[in-house]
Every structure is written in C-alpha cells, then in structure tokens.
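One structure is given here, and the rest of the page talks about it.
Each value in this text was obtained by applying a stated rule to the coordinates, not by laboratory testing. Note that this is a predicted model, so its numbers are computed, not measured. Methodologically, a virtual Cβ is constructed for each residue, glycine included, from the backbone with ideal geometry; neighbour enumeration extends over all protein chains shown.
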Amino acid sequence: MPIPATLSAITHAADVRFNGDRPWDPQVHNPALYSALLRDGSMALGNGYARGDWDCDQLDECICRLLRGQANRPLSLQAQLTDWSRVLADLLVNPQTLRRSYRVGRRHYDIDPRVYAAMLDPLMAYSCGYWRDARDLATAQEHKCQLICEKLQLRPGMRLLDVGCGWGSLAAYAARHYGVEVVGITVSAQQAQWMREHLSDLPIQVEQCDYRQLPARAPGCFDRIASVGMFEHVGRRNDRNFFSTMARLLDAEGLLLLHTIGSAFTTRRIDPWIDAYIFPGGRLPSAMQLARGVEGVFLIEDWENFGLDYDRTLLAWWKNFEAAWPVLQHDSSTEFFRFWRYYLLSCAGFFRSRQGQLWQVVLSKPGRSCTYRSWRPVRQEPNTAPQHDTAKSEQHCFDVEDATSSHRRIEGHHSQPQ
C-alpha cells in the first residue's frame, strides 16, 4: 500500500521516513496504519504501536522529531472535526470535577504495583528527577526532594501539606531530614495504603481525597505546602479554586511550591491517547495560564525550568522497567510491554522536543513580610540536608539499578498483582 502524500510530506519535514534505515525511522508492519494515522492521529499511533503495527528502535527520538515538525496536528478533514469536537467537549464539560478526579487513580496509579516498584527509584518518586549533579536515578530523585525542601525553607516542627503525595517520597524525605510533620493526600487507594504500611514510623498522615475535600480532612493552617506532579490534573477552569483552597490552608508567612509539567504554548488541544489511557482529564498549563490562575491570590517568588531532566528521568524509568520485564511478563502481556514502552518513550520525546516543560514555582501570599531568596544548589550549601559530593559536569549517562536489584524489589513488594 503506498504511503499517502500527506503523511510523506509531514514526516519528511520532521526528518522521519517510514521504513527508513535510521534508528528513529518507524518500520510499518501493517499498511492499514497509514489510513488510521490520517483519520485518528495520535490515537492510531499509540494503539498501533501497542498492537505491533509498527516498530522503532529509537521511539523517543522519532516522537521528538515528529513533535518538532508539528506532525501532531490533524492531517485530514475528519481528524480536524474530531479534534474540534474534543475542544468543544472540553469547553462545555468540566473533565476535572470532584467525581471525575478519582478516575486517574483507578486508571493509572492503581495498576499492578510491581510495575512501579520495578520502574521507580528506592524512594518511589513518580515525578521528574533533578539531574544537575546526579548521574543515576536514585540520586536525581533524592536531589529533587532536597531541592524542594530547601526552596520551601523547611525547619523542624513545621507542618507540611503534600498535595498529590504519590507513594510518599517527598513526605518521607522531609520528615526524616527536616523534622517536619506531613499531611499527604492522594486520589489513589493503593498509594495511600502503601504509605500507611511503609511509612508508619514517620510523622506522616495520609488521606485519600481530592484537594477540594482538604479543608474538612485536614483543618488548620500549614506552614508549607508542596504540590508535586498533581497540578496537571487540576484543569484550567479549576485553577482559581485550587489556588484559593491552597491560600486558605497556608499560613500568612508560609510558602507554596508547585512542581508541574507545563506546555510551551497555550492550547486547548490534548493528546487523545494520553487522555484516554494514561492521565484521564489531565491538562498541561502554559506559563500564561499558570500565571493567570495565580494572579491576585499568590505572588511568584521563584520559577525554575528543568524540562529536559524529564527526558532523562523517563529513559531511566524505561531501562528499569525493561530490565525487570523477565519477572513482570509472567503476569502481563506483550501488548502491555509495548503499551508501557510507548508511554514512557513517547513522553521522553515530548520533553526532548521542548514542547513539554517542567516547572518549579515558589509562591507566597501578598502579605508575607519576609523577603524570599531563591535557592539553587550551586549558590549555597543546604541548611540541614545531608551533603553530597559535587558532581563533574553533566554527562548524558543513564545509570540504573541492575536487573537483579530490580527483581529483588519486585519480589519483595507487599502487594499482589490485580
């Protein structure tokens, strides 16, 4: 079956060739993929890969080049109509209502817990690591937690709210190294259960709830608030409600750190494959949208972007998962392996293309009396966290735990597959 001229033109502009001889060129096994791409775009690309309709040695680089070449735009009239229908539905219906907020927990976080135990670092951090002075995933995630704690100027005795606490990586780090009490919230039942079982020796309270339920679940003010990898699920029509809720919960002299994926440009378009299978209702803010939501509620004290670090983090996750697959495959399918590979590596390509950003924004209330000084690890020594050796200049080195280590972590996990 000949390749449609529209597809050939757009992939040529991105320096990608169907069935080419370079590692980022897709190899098509099912010619029906071509018409599906014209009709369904990203949905066809992801589903086709999971089914085995095409392969690519360097999937991450393929996606990066396609995104840089703007190949993710609708390629046919039918695709344009479908795209506009999604935009219209997003305008008419709030996809991030309180009731819908729990979908992402059930869909993405409450899967076989061994997948995350195999893929993540020992802290179980499921957000972008900080690779400035790190050469392996565990160090990058520890440095990320340290960075957040230092930016928040944590001190012993403070009360920290962790909004979207995941498996408790930041909560545990802050409690152990900074002597704070932590309240963490998550919409995932498995994450909440994991924290209760594994972090019971620390001053950490975990609640399975949405941020809109927080005032009733955790009354009183917090000295500091951190939201890591959760703001992507808030949605732009809910931004003011989110920041107003955080303002009610934060002490007048407190600080809020927002760690979020961002979009390089403002758009109402979404990736339908990611929205359907990975993060239902997820919406990435642009810088303008984030600032609009903050204005009048908080002041921006600091804004750091290290989006390319997510590329490295995702590649490290993929290497861990791939190394652990000989154990995981006994209870999973080949299609899940391909599905997960596409998810991790396509996201790596998204950040490498620079369409995806990673921001840490420090916010304060307008009436705060203290001057905030931005913290970066090369400018001053940390106050209370353990010291680390200064690393050499950054290298593109993706050190991960070996397969044996990953297998031990999987087999020792407390939960059984669903």
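Calculate the length of the line joining the C-alpha centroid of the stretch 1-58 to that of the stretch 332-368, in whole Å.
Taking the Cα centre of the stretch 332-368 as reference, the centre of the stretch 1-58 is 23 Å away.
Rounded to the nearest Å, what's the spacing between the alpha carbon centres of the stretch 135-207 and the stretch 280-326? Just the number, please.
With the stretch 135-207 and the stretch 280-326 each reduced to a Cα centre, they are spaced 18 Å.
How much length, in nm to one decimal, is gained on full extension between S8 and R68, taken as 0.36 nm per residue of separation minus their Cα-Cα distance? Don't skip to the answer; put the middle values down first.
Values: separation 60, 0.36 × 60 = 21.60 nm, distance 1.58 nm.
Length gained between S8 and R68: 20.0 nm.
Determine the gain in length on full extension of the stretch Q78-S286; use 0.36 nm per residue of separation and subtract their C-alpha separation, reporting nm with one decimal.
Values: separation 208, 0.36 × 208 = 74.88 nm, distance 2.74 nm.
Taking 0.36 nm per residue and subtracting the Cα distance, the gain is 72.1 nm.
Please give every one of the aspartates and glutamates within straight-line cross-link reach of K365, meaning a C-alpha to C-alpha distance under 14 Å, and leave out same-chain neighbours fewer than 8 residues apart.
Partners found: D223, D251, E253, E295, E301, D302.
So how strong a dipole does the stretch 205-259 carry about its Cα centre when Lys and Arg Cβ are +1 and Asp and Glu Cβ are -1, to the nearest 20 debye? Let's see the in-between values first.
Details: 7 positive and 7 negative charges, 52 e Å.
My answer is approximately 260 debye.
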